[in-house]
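Enquirer: The following block contains the structure, expressed as C-alpha cells.
FYI, it's all coordinate maths here, none of it is from the lab. From a predicted model like this one, the values you see are computed outputs, not experimental measurements. When we count neighbours, we look across all protein chains shown, and the Cβ atoms used for this are built from the backbone with ideal geometry, even at glycine.
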Amino acid sequence: MDEELLGRLKALIGDSGEKWTLVPCHVTEGFLRLARPLVELGAVVYSDDAEWIQKYANKSILHRHVRTPDTPSVIEQVDSAIRVAKGYTCSSMEDLLEAYRLLNTRTVVVRPVHGAGGEGTVFFNELEQLRMYDFPQGDVNLEEWAEPDKAPDGITLSPTLQYCEGSILGGARSFDQVMVANACMGWRRSLASTSFLKNARRYAQSIMAGAKPRGPGGFDFVSVNGLAVLADVDLGQFNEAHCAVMFQQAHAGEQAMFCWKFRPNERLTVQTFWKRLRSSGCAFVPGKSKEGIFPVSFLRGASGLFVAVAKDDLSCLALHEKAKNLLMANTPVPVPLQGGGGANKKRFRMTLVKNAEAVFLPESVDVKHLLLAGTQVVGLLDDEAAARLEAVSEEVAAMVVDATGCVVVPGFVDIHVHITGGGGELGPASRTPEARINQLIDGGMTTVVGVLGTDCVSRSLENLVVKARALTEEGLTAYMWTGAYRNPPPTITGSVRRDIVLIEQCLGVGEMAISDHRGSQPDLRMLSEVAAECRVGGMLAGKAGLLYCHVGTGPGMLEPLREVVRRTEIPITTFLPTHMERNEALIADAAEWLREGGYVDLTCRSIKALMALKKFDNEGLALERVIVSSDSFGSLPTYDEQGRLVRYRAADAKAMLQFLWKMYFQELWPLEKILPLVTSNPARILKLPGKGGIGVGMDADLLLLDRNTLQLKYVIAKGQVVKTPKWTHAGMLGRDAGIPAPAA
C-alpha cells in the first residue's frame, strides 16, 4: 500500500460522511499498518487480532505435529469428535518422512498450512517422490489420501460453511464448492445429505465456540463414504465464498443461485457488460428482479465474481452459459454456413474457428479467428476478415466452430503411446488392451508415435504399423518406432536402416532398454551399431532417425549412451532417452545430459516430472530440448514396500491433459511455457513438418480448451472436427460408425 493510495483512502473516508468498515482477505502486518491511520478517522476494523490469527488461522490446527505426536491438535482440544483426515503437521524433510512412516499408506497429500484453498496441494504415491519435496510455502500437513464422494455430475462433493461474528451465514442454505483440479471455481446449492450438513454445522459451531472469533471465516468439508470430513479452515479471513452466501441471504431468498469466478476480458468494462445484461433481458437488479445475472465483483482482465439467480438449478446453469458469452469482448451471433455437398465437400472441407479468447501457436498471438481448409490452416484472421467469411460460396461445404470462452492450442504430439497395448510382464493376463481412437482424442492427442516395450513376442511390429495406419485413416496422425526393449532390435524388413527408409510411419528405433534388468544389456558395440543405423537411415529417408532409449533404474543411468558419444562419431542428438524423471539421481543425470547438448523425454504421469521441469528451469537449462510424453496404454503396476503387487492397471490417455492442468493451476506456469513440451518440441525433434504448432500451411490439429478450467471442449484433427462437448469420433467400428461428424 503506497502513501498516495493511503492518502486517497483517507480523503474518501473523511469527505464521505459515511461509516466505513475494513474487512481483510488476510490479516497481515501490512493490513494492520493500513488499518491504524484509517481507524483514527472512524473506520471500523472487522477482524481478529494478530495473536488470534497466529494461533487459529492456518491448517496446522487440524493435526498434531509429528514431533509431538502425543500433544492433541487444536481441533482435538476444541472437540475430539470432529472428523479430519489422518495426518501430521511437518516442518522439515525428516518430519515428512517420519509422518509417512506413521501413516503407513501409499498415496498421501501434502498441503501447505498457509496455502489458500487448494494452493500448493501435491499428491505423492512413492516415498522417493516425497523425498524431493522442497517446502516452498513452509510447514505442511501430510495427510492420508481418501477418495472423496462425487456428485452425480462427477464434481467432488465439498460443502462449505462461512461465518461472521460467530454465526454461520446462509440460514438453512448450504453451498458446495465447484472444484476444478485443486482450485475452487464457484459455489452451488449443496447436494450433500441432511445428516452430513447437520454434522458439518455441529463441527463448525464447536470450533467457533472454542476459538471465539470476532471476524469472518469459513470451513471447507469433503464427503468420504458419506461422512463429513473437515478438510480446510479459513479462520480470520473474508473470501469470495462469503460474497456468494451473503448475496444469497440478502437478495436471492429462496431462489436457486449459482456463483462462479471468471476473468473478464481486459477490453470489456463493467458498464458494457451491464448494458449487455440489460439489453438481453437477463440483468438481476437487487430488490426488483426474481432471476438474472449480477456481477458481484468485476476487475477487467484480472478477476470477477458473478451470480445467476433463477427458479431452479438448471435455469441457473443456463444463465451461467449466457453470461460467459456476454463476458467476451465481442459477442457476435454465430451464423451457420450454408454449403454444398458431394465430391467437393470431401476434397475441400472448410471450417471457420471464430471468437477464440486466445490463440497459442504455442506462443500467444493477438488473433481470435482461424480459417481451415482441407487438412491445413489457411488463415489467421482479424474480426473483419472473419465476418466476411461467414458468407462463403455455396459451392464450399463449411461449418463454424464458435470458440467463445475457449483458448485454441495445438494438438498434442505424444511420442510414447502403446497403441497396440503393452504390459505382459506379469504373464499373459497382464497384457493391456490396445488404444481406441476416441480415447486418444479425449486425451487431446492428434499425433502419436506407437511403441513396443518388453513384449515383442505376443506384440509385433507388423501389428504396430498397421495400427498406426488405421489411426491415420480414421483421422489422427500416427507414426511408430521400430524395435523394442530387445537388442538387436526386431525389425520388419530385416534391418533398422531399411525399416526407417522404406516404412513411411517409422521414425527410428524405440524403446530400446538401457540400465534396466528387462533389456538385453547392450554393450558399446551393440549400441553404436544401432545408433549408426538409425542415423544413416534417417539421413536417407529425410527423417529424425533417433534411437529412443528406455532408461531404467540401474546405476549406469545414461553412461552407456555417453560412452557411445565419447568413443564414436555419433552425435549426442541421435539419442532420445525417456523416463528420465524416475528418481532424483536420474533427474540430475538428465540435467547434465541437457548441458551436454542432448534431448530428454519425461513421462508425465508422476509428480517427479513436474519436479524435474522445475529443476531444469531453475538451472537455466534448454527447455526447448525437453519433451513430455504419456506412456499411455502401458502397464502401471503398484507394489507395496515388500515388493508385493497391490494394484495393476493400464495407463489412460488423459495424462497429457492432467499434466497441463497441474503445470498451469498448481505450478503456475504460463501456457506459452508449458505447451512447447507437448507440441512444438516433439514435432521439431522428431522432424514432423506441419505438426506441433498453429500457422498458415501447418496441419489443422487444434484443441479448444475452456479458458477458465482448461477442460477439453473440441478437437480438430487434420481439419476435421473429431470431438465436441457432447460427442467424440469413435472410428469405423465405434459407436458412431457410419455417422458423420455433427456440426459444431
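Enquirer: Helix 461-473 versus the longest principal axis of the chain: what angle, 0 to 90°, nearest 10, using Cα atoms?
Expert: The angle comes out at about 60 degrees.
Enquirer: So if we plug the beta-carbon distance of Gln54 and Val457 into 1/(1 + (r/R0)^6) with R0 = 51 Å, what FRET efficiency do we get, rounded to 0.05?
Expert: Efficiency at R0 = 51 Å is approximately 0.20.
Enquirer: Relative contact order (percent) for the chain, with alpha-carbon contacts under 8 angstrom and 6 or more residues of separation?
Expert: Working: 1593 pairs, mean separation 72.9, N = 744.
Contact order relative to length: 10 percent.
Enquirer: Here is a follow-up. Multiplying the sequence separation of Asp79 and Ala387 by 0.36 nm and subtracting their Cα-Cα distance, what value in nm do you get? Intermediate values should be presented prior to the final figure.
Expert: Values: separation 308, 0.36 × 308 = 110.88 nm, distance 6.39 nm.
Additional length available on full extension: 104.5 nm.
Enquirer: Which is farthest toward the positive dipole end of the chain among Phe360, Val78, Val307, measuring Cα position about the Cα centre, with Cβ charges +1 (Lys, Arg) and -1 (Asp, Glu)?
Expert: Final value for the positive-end residue is Val307.
Enquirer: How large is the dipole of the chain about the Cα centre if only Lys and Arg carry +1 and Asp and Glu carry -1, each at its Cβ, rounded to the nearest 20 debye?
Expert: On the way: 80 positive and 85 negative charges, 329 e Å.
Rounded to the nearest 20 debye, it is 1580 debye.
Enquirer: Run through every distinct alpha carbon pair of segment 255-331 and return the Kirkwood hydrodynamic radius in angstroms, one decimal place.
Expert: On the way: mean 1/r = 0.0821 Å⁻¹.
After inverting the pairwise mean of 1/r, the radius is 12.2 Å.
Enquirer: Once you put a point 7 Å from the Cα of Leu299 and another 7 Å from the Cα of Val696, both along the Cβ direction, what distance in nm separates them?
Expert: Calculated label separation equals 3.9 nm.
Enquirer: If you don't mind, another one. Using 0.36 nm per residue of separation minus the Cα-Cα distance, give me the extension gain between Lys275 and Lys150 in nm, one decimal. Intermediate values should be presented prior to the final figure.
Expert: Details: separation 125, 0.36 × 125 = 45.00 nm, distance 3.80 nm.
Gain on extension, Lys275 to Lys150, equals 41.2 nm.
Enquirer: Determine, for each peptide in 195-203, 544-552, 311-319, 402-410, the mean count of other beta carbons within 10 angstrom over its residues, then list the peptides with the highest first.
Expert: Working: 195-203: 18.0, 544-552: 25.2, 311-319: 15.1, 402-410: 23.4.
Packing proxy ranking, top to bottom: 544-552, 402-410, 195-203, 311-319.
Enquirer: Give the separation of the Cα centroids, segment 59-80 to segment 229-305, in Å.
Expert: 37 Å
Enquirer: Convex hull over the alpha-carbon atoms of segment 146-246: what's its volume per residue in Å³?
Expert: Details: hull volume 9.4 nm³, N = 101.
Normalising the Cα hull of segment 146-246 by residue number yields 93 Å³.
Enquirer: Here's something else I'd like to know. Give the Rg (one decimal place) followed by the Dmax (whole number) of segment 412-692, computed from C-alpha coordinates and expressed in Å.
Expert: Computed over the Cα atoms of segment 412-692, radius of gyration and Dmax are 17.3, 50 Å.
Enquirer: Quick one: 3J(HN,Hα) in Hz for segment 368-385, Karplus 6.51/-1.76/1.60 with θ = phi - 60°, rounded, Gly and Pro as x.
Expert: 10, 9, 10, 10, 10, 9, x, 9, 10, 7, 10, x, 10, 10, 8, 4, 5, 5
Enquirer: Taking a threshold of 27 Å on the Cα-Cα distance, which of the pairs Lys324/Lys723; Lys467/Lys691; Lys288/Lys368 fall above it?
Expert: Working: Lys324/Lys723 21 Å; Lys467/Lys691 20 Å; Lys288/Lys368 38 Å.
Table pairs above 27 Å Cα-Cα are Lys288/Lys368.
Enquirer: Oh, and also: Tell me the label-point distance for the pair Leu668, Gln205, using the 7 Å Cα-to-Cβ offset, in nm and rounded to one decimal.
Expert: The modelled label-to-label distance comes out at 3.9 nm.
Enquirer: Name all residues of segment 429-467 having a backbone nitrogen under 14 Å from the label point set 7 Å from the Cα of Met732 along its Cα→Cβ direction, giving them as ranges.
Expert: 437, 466-467
Enquirer: Are there GluC sites (Glu not before Pro) in segment 187-289 that DSSP marks as loop and that have at most 16 other Cβ atoms within 10 Å, and which are they?
Expert: Details: sites: Glu240, Glu254, Glu266; in loops: Glu254, Glu266.
Here the sparse-neighbourhood loop sites are Glu254, Glu266.
Enquirer: Find which of Gly411, Asn438, Thr68 sits farthest along the positive direction of the dipole of the chain, computed with +1 on the beta-carbon of Lys and Arg, -1 on that of Asp and Glu, about the Cα centre.
Expert: Asn438
Enquirer: Something else about it: With everything on Cα atoms, drop me the angle between helix 93-103 and the longest principal axis of the chain, reported from 0 to 90° to the nearest 10.
Expert: So the helix axis and the longest Cα principal axis differ by about 90 degrees.
Enquirer: Please report the base-10 log of the normalised intensity I(q)/I(0) for segment 40-92, using a Debye sum with one equal scatterer per alpha carbon and no solvent, at each q in 0.14, 0.17 (1/Å).
Expert: -0.47, -0.61
Enquirer: What are the lysines whose alpha-carbon lies under 26 Å from the alpha-carbon of Lys86, with same-chain residues fewer than 8 places away excluded?
Expert: Lys55, Lys59, Lys150, Lys198, Lys212, Lys608, Lys662
Enquirer: What is the order of Glu434, Glu624, fewest Cβ neighbours within 10 Å to most? Display every interim value, and only then the final one.
Expert: Details: Glu434 18, Glu624 13.
Listing Glu434, Glu624 from fewest to most nearby Cβ atoms yields Glu624, Glu434.
Enquirer: What does the highest-first list of 415-423, 130-138, 704-712 look like by mean Cβ count within 10 Å?
Expert: Highest to lowest by the protection proxy: 415-423, 704-712, 130-138.
Enquirer: Based on Cα coordinates alone, diagonalise the gyration tensor for the chain, multiply each eigenvalue by 5, take square roots, and list the semi-axes in whole Å, largest first.
Expert: Details: eigenvalues 463, 245, 104 Å².
Square roots of five times the eigenvalues give 48, 35, 23 Å.
Enquirer: Follow-up question, since we're still on this one. Please compute the contact order of segment 393-498 in relative form: average sequence separation of alpha-carbon pairs under 8 Å and at least six residues apart, divided by the residue count, as a percent.
Expert: Numbers: 147 pairs, mean separation 24.7, N = 106.
After rounding, I find 23 percent.
Enquirer: Right, another one. Sort Lys713, Lys59 by Cβ crowding within 10 Å, fewest neighbours at the top. Walk me through the intermediate numbers first.
Expert: Working: Lys713 20, Lys59 23.
Lowest to highest Cβ neighbour count: Lys713, Lys59.
Enquirer: Here is a further query. Suppose every Lys and Arg Cβ carries +1 and every Asp and Glu Cβ carries -1, with no other charges. What dipole size does segment 146-246 come out with about its Cα centre, to the nearest 20 debye?
Expert: Roughly 400 debye, rounded to the nearest 20.
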